[in-house]
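Heads up, the thing below is written out as structure tokens.
The values are calculated or read from the model by the stated rules, or taken from the named source; none is laboratory data. This is a predicted model, so every value here is computed, not measured. Neighbour counts run over all protein chains shown; Cβ positions are idealised from the backbone, glycine included. With ligands, DNA and RNA removed, areas are computed over all heavy atoms of the protein, side chains included. Shrake-Rupley method; radii C 1.70, N 1.55, O 1.52, S 1.80 Å.
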Amino acid sequence: MSDYNFAYLDEQTKRMIRRAILKGLAIPGYQVPFASREMPMPYGWGTGGVQVSAATLTPDDTFKVIDQGADDTTNAVSIRKFFEKTAGVATTEEASAASVIQTRHRIPEDELREDQILVYQVPIPEPLRFLEPSEVETRKMHSLEEYGLMHVKLYEDIAKHGAIATSYAYPVKVEGRYVMDPSPIPKFDNPKMEMAGIQLFGAGREQRIYALPPYCQVVSLDFEDFPFEASKADHACDMCGATDSYLDEVIMDDAGNRMFVCSDTDYCASRRKAGHVGAQGTPFEETAA
Amino acid sequence: MDADVLKGGFADAPIEAAHAFRAAMTAIARPGKIETLKGAVPPAPMSVAAGTLVLTLCDPDTPVFLVGEWDCQPVRDWIAFHVGAPIVGAAEAMFAIGDWAGLAPHTQFAIGTPEYPDRSATLIVECDALKADGAVLRGPGIKDTASMGLPEVDAFQMNAMLFPLGLDFFFTSGDQVSALPRTTKVEAA
């Protein structure tokens, strides 16, 4: 008896998480409380997403983990290894080959299909938390649909900066009812949330699960005269030349040189494999690390 | 206690429950879609799909309400042995199992509170057959429209008007399941 139970968690815990996921899907955007367990990783490393993935995975799944779009960062590698060990699932770095994708702070550039599930790691699930610290109050605000404070916050952005300066975790309204925190994805990704796949959100420390069924209406909050804009760095990827992907800015040296590269490493690599070369890129070689 | 009560559980609980949950989740995320749900072999009159849902979602934390023919000793014993869920009255139930007529009136179930709309009952409605055509469905999880055979339309229209409160429904027949969450807008075809 040295094996883990399939996908680490015990069955009663998974049932509790599964019930929360089903209620979350039935009430899109509403944060369902759940009895989050301690996981063998610190809070802030995706304990919520890991628990949701553990309750969702089957042995037939192919699992992909991204951290800010990258498959090869510490958080992504460790979570991928965790499920390789405890669930024995196949893993991949290709977005199109994955059936379950756990993500920290990005939505893959490739459009998700109906048979794919996206699991988000969420640090602070309550969009109103920085405006109203009391859980009792924010819960009442959600129940009364009292979201004026959020619009005041966006208005103050405009008053101070001349534009809505919120660039990530940009609040959305789901099906005209609940204001939801899309997790700290860049606002560039917000329009992608109306997708064909199922989206599940897990916040471990805050003990909340919420969800979006496919084709769910997700509207980024804005004003008529200051409409929402899905912005990105005004540049093409220096590796693959893509002009439609979200970019990371990388400082190259002390002399102020920098380059912009796709945040989604799989998207960038598949474009380079297809022969696209950016301004500072080199043609793709199979041996390149 | 009859020895048959001990039979009919999952042979490999973690794996079968994982597959069953994915089918149930797909059903509720895509109203009208019919999924296969099997693994459990509950005593009659409970269907394989309903029994599998019970094994996948119910445990000592989830009070269950049984109606009509489903409220019989073999079913009670089976749930007690495999799941350990308390059998309760309609108002306290998190899950209710039975046929459509037996589950009426639907106002007897918990629909959640404005602060906690998730504290609402899930009804597992046993049907003779699941039909893909019938009422027209619109709402989250549905691209344009979907269709689904429903026992009636009014009750689901009333339920949708309660949103974000309301009941969520699974429909089961044999090893098939489909679902209707409270968000779905139903129109007679």
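Points to keep in mind about this one:
- The residue that is farthest from the chain's Cα centre (by Cα), among those in the stretch B:101-111 that are surrounded by fewer than 20 Cβ atoms within 10 Å (Cβ to Cβ) and in a loop (DSSP other than H, G, I, E, B), is B:Pro105.
- Of all positions in the stretch A:252-265, at least one carries a residue that is under 24 Å from A:Thr73 (Cα atoms), open to solvent by 60 Å² or more (accessible area, probe 1.4 Å), at pLDDT below 95 and hydrophobic (A, V, I, L, M, F, W, C).
- For the stretch B:82-98, the criterion of being more than 29 Å from A:Tyr215 (Cβ to Cβ), under 14 Å from the mean Cα position of the chain (by Cα) and within 14 Å of chain A (Cβ to nearest Cβ) is met by at least one residue.
- Qualifying residue in the stretch A:69-83 (condition: under 16 Å from the mean Cα position of the chain (by Cα) and part of a strand (DSSP E or B)): yes
- Residue match in the stretch A:10-25 (condition: in a loop (DSSP other than H, G, I, E, B) and on the phi > 0 side of the Ramachandran plot): no
Per-residue answers, yes or no, for (1) open to solvent by 30 Å² or more (accessible area, probe 1.4 Å); (2) away from chain B (no Cβ under 11 Å):
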| position | (1), (2) |
| --- | --- |
| A:Tyr4 | yes, no |
| A:Phe34 | no, no |
| A:Arg37 | yes, yes |
| A:Pro40 | yes, yes |
| A:Ala55 | no, no |
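- Listing of strands (runs of 3 or more DSSP E) fully contained in the stretch A:147-248 that carry 3 or more residues being open to solvent by less than 10 Å² (accessible area, probe 1.4 Å): A:178-180, A:198-203, A:208-212
- Flag if B:Pro114 is open to solvent by 50 Å² or more (accessible area, probe 1.4 Å) and away from chain A (no Cβ under 14 Å): no
- Residue within the stretch B:139-147 that is among the polar types (S, T, N, Q), more than 14 Å from every other protein chain (Cβ to nearest Cβ) and either in contact (Cβ under 8 Å) with a residue 60 or more places away in the chain or in contact with a Leu (Cβ under 8 Å, 6 or more places away or on another chain) (or both) present: yes
- Residues of the stretch B:15-38 satisfying the condition of being open to solvent by less than 20 Å² (accessible area, probe 1.4 Å) and without any contact (Cβ under 8 Å) to a residue 40 or more places away in the chain: B:Ala17, B:Ala18, B:Ala20, B:Phe21, B:Met25
- Among the residues of the stretch A:26-35, those identified as assigned to a loop (DSSP other than H, G, I, E, B) and either charged (D, E, K, R) or under 20 Å from B:Pro63 (Cβ atoms) (or both) are A:Phe34, A:Ala35.
- Test: residue in the stretch A:92-111 that is open to solvent by less than 30 Å² (accessible area, probe 1.4 Å), within 14 Å of another protein chain (Cβ to nearest Cβ) and assigned to a loop (DSSP other than H, G, I, E, B): yes
- Test: residue in the stretch A:55-71 that is among the basic types (Lys, Arg) and in contact with a strand residue (DSSP E or B) (Cβ under 8 Å, 6 or more places away or on another chain): yes
- Residue match in the stretch A:11-19 (condition: within 11 Å of another protein chain (Cβ to nearest Cβ), among the hydrophobic types (A, V, I, L, M, F, W, C) and in contact with a strand residue (DSSP E or B) (Cβ under 6 Å, 6 or more places away or on another chain)): no
- The strands (runs of 3 or more DSSP E) found wholly in the stretch B:121-167 and carrying at least 1 residues that are crowded, with 19+ Cβ neighbours inside 10 Å, touching a helix residue (DSSP H, G or I) at 6+ places or on another chain (Cβ under 8 Å) and of a type in the set (Gly, Ala, Ser) occupy B:135-138.
- All of A:Tyr215, A:Tyr168 fail the test of being touching a residue at least 40 places away in the same chain (Cβ under 8 Å), closer than 27 Å to A:Ser53 by Cα and of a type in the set (Phe, Trp, Tyr), apart from A:Tyr168.
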